[in-house]
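Only one structure is covered here, and it is reproduced in the block below.
FYI, it's all coordinate maths here, none of it is from the lab. This structure is a prediction, so every number in the text was calculated from the model and none was measured. Here Cβ is always computed from backbone atoms with ideal geometry, including for glycine, and neighbour counts include all displayed protein chains.
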Amino acid sequence: MSAILRRLRVWFRALARRDVVDREMRDEIARHIERSTERLIARGLTRDEALAEAAREFGNVGRIYEQSRDARGVTAVENFLQDIRYAARGLHRTPAFTIGVVLTLALGVAANATVFGVVDRLLFRPPPYLAAPDRSHQLYFARTVNGAEAIGEAYQYQRFVDLAETSTSMDLLVAFSTIRGEDTMDAEVAMANASLWRFFDATPVAGRFFTPAEDRWENGARVAVLSYDYWRSQFGGASSVIGQTITIATQKYTVIGIAPRGFRGLAGDMPAMFLPIAVAAGDLIGPGWMAERTSYASSWFGLWGRRAPGVSVEAATAELTRAFAASYRRQLAAEPQYTPPIETVKPHMLLASVLADRGPHASGESRVTAWLLAVSLIVLVIACANVGNLLLTRALDRRREIAVRLALGVSRGRLVRGILAESALLATLGATLGLIVAQLAGSFLVRMLMPVTGTSGAMTDPRTLIFSGGITAFIVLVSSAAPLAQLGRTDVIASLKSGGRGLSPRASRVRATLGALQVSLSVILVVGAGLFVHSLERVAAIPLGYDAGNLLVVDPKLRGAALDSASEAALRQSLLDRARANPAVASVTLASSAPFSGARITLPFVAGLDSASTVRLGEFILQLASPSYFATMGTRVIRGRGFTDADRNGAPRVVVVSDAVARALWPNQDAIGQCLRLAKPTADCRTVVGVAENIRQLRIDSDRGLEIYVPAAQGGAGFTRLVVRTRHDASSVAESLRRDLAGLMPAGAYIAVTPLSTRIANVTRAWRLGAVMFSAFGALAAIVAAVGLYGVVSYGVNQRGHEIGIRMALGARALDIVRLVVGEALTVTTFGVAIGCSIAWLVAPRIGPLLFGISSHDAGSYAGACIALLIATLVAALVPTARAVRFDAAVALRAD
Amino acid sequence: MARDNASLLPGTLDLIVLQLLSAEPTNGYDLALRIQAISHDVLNVNAGSLYPALYRLEEKGLIKAAWAQTDAGRKAKVYSVTAAGKRSLVDQRDTWERFAGALAAILKTT
């Protein structure tokens, strides 16, 4: 350590006090020579003779300076600065080259920094302040349902209590959940047990966190810890907020503390505040839940845990599985009628990453993003190959200069450092610009494409900066490889003789190889873009069975407000009337569920089918609908009729079924007029009066579309939603409608209005992300590769100016020259395309699961990529070819 | 020139400098003269290798330099051995003596 310090001090002195040190050295040597001279004069030499003899004795002063300075480590630093200055001067002389390279690198770095930021957030970075990341896990459980294993992450409170009581392998168990709807702000509120604060290593900015004693059913405390962001935005960061009360649902909570900046617990988004879960659940979920809190009926929060020190993942998994089994037996004993036997359920626990997107099953977005990181690295490699090519061109153009410097005795090591200094300078400029671009455009991009919030800009995030630094080093090494290889081959004599011109077949081969590499990598990206764009087209073309444009889903959240059925019906009616009265609204319907937001499952009983065979047909969805339902949704009734006001309570019971239900239940008969009973074989017979087209309700990519519609008036209670068709753009109406309807809600309740298009955007995000990013990167790659090819062809034309001149002098026609030049470019591209397509063909099956309705070997995508690159090649070859054709043979030959 | 350096085995200059400076701190010029005098002109150390050696030892922290008034009243850079330099000298001297003893023994066998 002290050696390093001393070395640093010497270097610092060498740099900062270079003049002083040099002057001291010169003084000392001058004194030496002076005293030698005096001694020699004393021996009887004349002053001139003595001076000459003293200098001879001393030796070469200049060399001694050099050696002495080497010994002091000055030279290395000075050389380095000199290399950088030299490189900077060189780059300044060729601004077009410099700007081209810096922009290319900036694009590569910006793409990587942006994508890295997102991937890091989704897959690698633990939540801020996590105390022991290596021992912390999200806990999942697996159970076998209908013969297939399913993984769950939502727990019942009683299960959590059981596990916390019996588990010995875990230090901490954290129950954590978020729920929307603080006051009327529609902000997200987090609920957790007090272990949350030990799971993290965070100290409150002000006040304190809540304690286990405050997190109790009875005699708990209504206390709240605000998130830093919420505190800043809602209370201006005033510490006087501690001790104030805020209204959450119908209750007053006392603010006891402020969480530190960036702390979001285990939530994906920054919540407004953190509440003790046992206290808040009753207020936020509703009184019904309080009644069943000791049952195993409702699962609603996630569970995280920290292994005790020294306990392996395997041991903890086994131990938690035993604890889960014990809890399950307790459940069996308490609720035997709802609980399948443990032998068929085979429950076991899974310890996974703290990060939800890693999960036991990675989310679609995280898988696409991981691919994007690979893609952005490919873009970077293409950029590097391009820059390497340009640097190589420079090295070739400077062959004569380099040969002269070698002949003058400049060491090859020094030239190597010169090349490295040049690429380091370029890479640093490129990386800086890239980070600025990522800072400005990155967060916009992330917001547009990702459900991730709280991403800081590229330049303010240390991890992204470190990553970008690594990338910069990578660029320096990769992009200087080709010119360095060329330097190693420089033959001084030959270069001086040929005047630094003439052919260098080897260098052209390197250039052609780099060109082919760029083309092949671009092909891979363009193929990927084609596959994702086609997938997205297929997704967009899926017949949804409803007209998703201009639909708003209105969710009244009653929460704590306890309403009897009469006042609930009155509220429903007044919401309907108010919505209908809004001038922007075309039509309104009641609906028990809206697409992609859950559904009620039912089991139909019909003559000739036992329940076991009906269950095998799939899950049947029960949809309660008012007469305006089909018109509002835009779902066509293909046979029979929809509902009318006549289908009221007390009238003959009717149902409408989807086409899929009609075909499944009555394969060889007309469904209209058939009798269908719901839920129980003894239920009333409902007559099928209509068949509607199939809709996508639960999943967009695969949905059986087994829909059974029951008139709202005949279906009993349980209306939770309104669906509204607006006259113009739904999202612009959403907020005014929400405010309009919120006034009707009882105290403590609130209302959420979401455009259906938002929900559809959520379920199609992974494809859209893939299509947008692969297209952007693919286009970027193709452009960079085209520029690279342009360089290759253009250089070739310059090099072969003589040859072309002679050919034309000998009577070659313009067409022959075109064939010569374009042929060369096409050869490079053909190689690249062949290699790229082969690699894409091999790799593509791995993105198969992310595609939709298209084979990963879709011929169109491959052909399209090949054609795109061939066109890019022709465009790139255009200008150099035009120049070649215009070559004046006389000029070319005279130049010799 | 050739004779001067030929008589100096590689690595020995550092040992000589350390030995002489540990006896008495002095400046570069007087050090050169002293090497010559003590070795009876056998070792004529060229300034061209002495000064780089001094700077190298200084950088390694084995000797240190200070500007001081000479007897003649002029300023000169005076070198002295540091604690680390003394330790290094002991090591190097041992090594050298073992080496010289072994070499002498070999040369005596006929």
Where q = 0.13, 0.14, 0.16, 0.18 Å⁻¹, what log10 of I(q)/I(0) comes from the Debye formula for the range A:651-785, counting one point per Cα? -0.86, -0.93, -1.04, -1.12
Given a Förster distance of 51 Å, report the FRET efficiency between A:ALA752 and A:LEU874 from their Cβ-Cβ distance, rounded to the nearest 0.05. 0.40
So what are the ³J(HN,Hα) numbers for the range A:574-582, from phi and the Karplus equation (6.51, -1.76, 1.60; θ = phi - 60°), rounded to whole Hz, Gly and Pro as x? 5, 5, 4, 5, 5, 4, 5, 6, 5
Amide H of B:ILE63 versus every other amide H placed in the peptide plane: which residues, excluding those fewer than 5 positions away on the same chain, fall under 5 Å? B:GLU58, B:THR82
Gain upon complete extension [A:SER240, A:ARG883; 0.36 nm per residue less C-alpha separation]: 223.9 nm
Counting only residues 5 or more places away or on other chains, whose amide H sits under 5 Å from the amide H of A:ALA599 once H atoms are built in the peptide plane? none
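Averaging the inverse of every distinct alpha carbon separation and then flipping it gives the Kirkwood radius. What is it for the range A:622-662, in angstrom units? Can you show the working numbers first?
Numbers: mean 1/r = 0.0897 Å⁻¹.
Hydrodynamic radius (Kirkwood, Cα only) of the range A:622-662 equals 11.1 Å.
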Could you give me the ³J(HN,Hα) list for the range A:190-201, computed from phi with Karplus coefficients 6.51, -1.76, 1.60 and θ = phi - 60°, whole Hz, x at Gly and Pro? 9, 10, 7, 7, 5, 4, 3, 6, 8, 5, 10, 10
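Output the relative contact order of chain A, whole-number percent, from Cα pairs under 8 angstrom with separation of 6+ residues.
Numbers: 1500 pairs, mean separation 130.1, N = 896.
Across chain A, relative contact order equals 15 percent.
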Hey, with R₀ at 41 Å, roughly what FRET efficiency would A:GLU401 and A:ILE806 work out to, going by the Cβ-Cβ distance, to 0.05? 0.90
If you filter the range A:639-747 for trypsin sites (Lys or Arg not before Pro), then keep DSSP loop positions with at most 16 other Cβ within 10 Å, what is left? A:ARG641, A:ARG648, A:ARG699, A:ARG727
Based only on Cα atoms, what Rg/Rh ratio does the range A:755-896 have, Rh being taken as Kirkwood's radius? 1.19
When the charge dipole of the range B:16-106 is computed with +1 on Lys and Arg Cβ and -1 on Asp and Glu Cβ about the Cα centre, the Cα farthest towards its positive end, among B:THR26, B:SER88, B:ALA66, belongs to B:ALA66
What residues have an amide H closer than 5 Å to that of A:ALA584, excluding those fewer than 5 places away on the same chain, when H is modeled at 1.01 Å from N in the peptide plane? none
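Do the sum for chain A: with -39,500 (n - 2.57) for every DSSP H run of n ≥ 4, divided by all residues, what is the mean residue ellipticity at 222 nm, to the nearest 500 deg cm²/dmol? Walk me through the intermediate numbers first.
Values: 31 runs with 482 residues, N = 896.
That comes out to -17500 deg cm²/dmol.
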Once the Cβ-Cβ distance between A:SER312 and A:ARG538 is put in as r, and R0 is 30 Å, what FRET efficiency do you end up with, to the nearest 0.05? 0.10
I'd like to know which of A:PRO746, A:ASN668, A:GLY528 lies farthest towards the positive end of the charge dipole of chain A, counting +1 on Cβ of Lys and Arg and -1 on Cβ of Asp and Glu. A:GLY528
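Which of A:PHE301, A:PHE58, A:PHE274 has the fewest other C-beta atoms within 10 Å, and how do the rest follow up to the most?
Numbers: A:PHE301 22, A:PHE58 19, A:PHE274 28.
In order of increasing Cβ crowding within 10 Å: A:PHE58, A:PHE301, A:PHE274.
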Along each principal axis, Cα extent of the range A:721-828, largest first, Å: 95, 24, 17
What shape does the range B:18-80 have by the C-alpha gyration tensor, where a ≥ b ≥ c are the square roots of the eigenvalues, rounded means a/c under 1.5, and otherwise prolate means a/b greater than b/c and oblate the rest? oblate
Can you report the principal axis dimensions of the range A:554-691 using only the alpha carbons, biggest first, rounded to whole angstrom? 46, 33, 32
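Averaged across orientations, what area in nm² does the convex hull of the alpha carbons in the protein assembly as shown project? Before the final figure, lay out each step's value.
On the way: hull surface 260.7 nm².
With every direction weighted equally, the projected area is 65.2 nm².
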Tell me, A:CYS384, A:CYS675 in order of fewest to most beta-carbon neighbours within 10 Å? A:CYS675, A:CYS384
Residues A:ARG264, A:ARG819, A:ARG509 arranged by fewest to most Cβ contacts within 10 Å: A:ARG509, A:ARG819, A:ARG264
